[in-house]
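Encoded as structure tokens, the structure appears first; notes follow it.
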Amino acid sequence: MSRAKDNRNVLSIRVGMAIMLVAVLVLALRSQSTVKAVLAGPVLAAETASAPADDGLDMASIAHRDSLIAAARPVARDPFNARSVAPSTTAERRSVEAAHVRPILSALLFDRVNPSTQINVNGQRSGWLHQGETFQGWTVTAITSDAVTITKGGDTVVLP
């Protein structure tokens, strides 16, 4: 009886190994075309992408859509700023950049040992600044518990 049980165990191990081998072969064959396309370079990949896939997807249109998405640039804006639309033309952007924009206080961490602040200039937030440090030409001259004083050139601004 134990001999028959051993034979069944050996048979089940062999069947399991055969199933595993078949699965590995199927996966290897499926990935072979992908490996060839990657190693062949962009010409063969573009030809392969232009043919519709088996499931009805047109890879050329998907590739075109992806290139449009990659070309789009996200609009840099501060979600805490009331202005909701960024300037659309280059001339409008230049006029906004050329205008003297008053910085905004983004954050203030005050302690008596090492106070720090963050300011927002033209929609760009600084890192944590300490007294004497500069961001976009604005230098932090004083940090108190309720305000930050910054200077640029001859201008001094107190940010409450």
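Here are a few things to note about the model shown:
- Cβ-derived FRET efficiency at R0 41 Å, residue 60 paired with residue 151, nearest 0.05: 0.10
- Extension gain (nm, one decimal) between residue 2 and residue 23, 0.36 nm per residue minus Cα-Cα: 4.4 nm
- Gyration tensor (alpha-carbon) shape descriptor, the stretch 115-160, a/c threshold 1.5: rounded
- Accessible area expressed per residue, the stretch 121-160, with surrounding protein chains retained (probe 1.4 Å, Å²): 54 Å²
- Extended-chain gain in nm, criterion 0.36 nm per residue less alpha-carbon gap, residue 104 and residue 125: 6.6 nm
The values are calculated or read from the model by the stated rules, or taken from the named source; none is laboratory data. Predicted, not measured: the structure shown is a model, and the values here were computed from it. Neighbour counts run over all protein chains shown; Cβ positions are idealised from the backbone, glycine included. Ligands, DNA and RNA are excluded from the accessible area calculation, which covers all protein heavy atoms including side chains. Shrake-Rupley method; radii C 1.70, N 1.55, O 1.52, S 1.80 Å.
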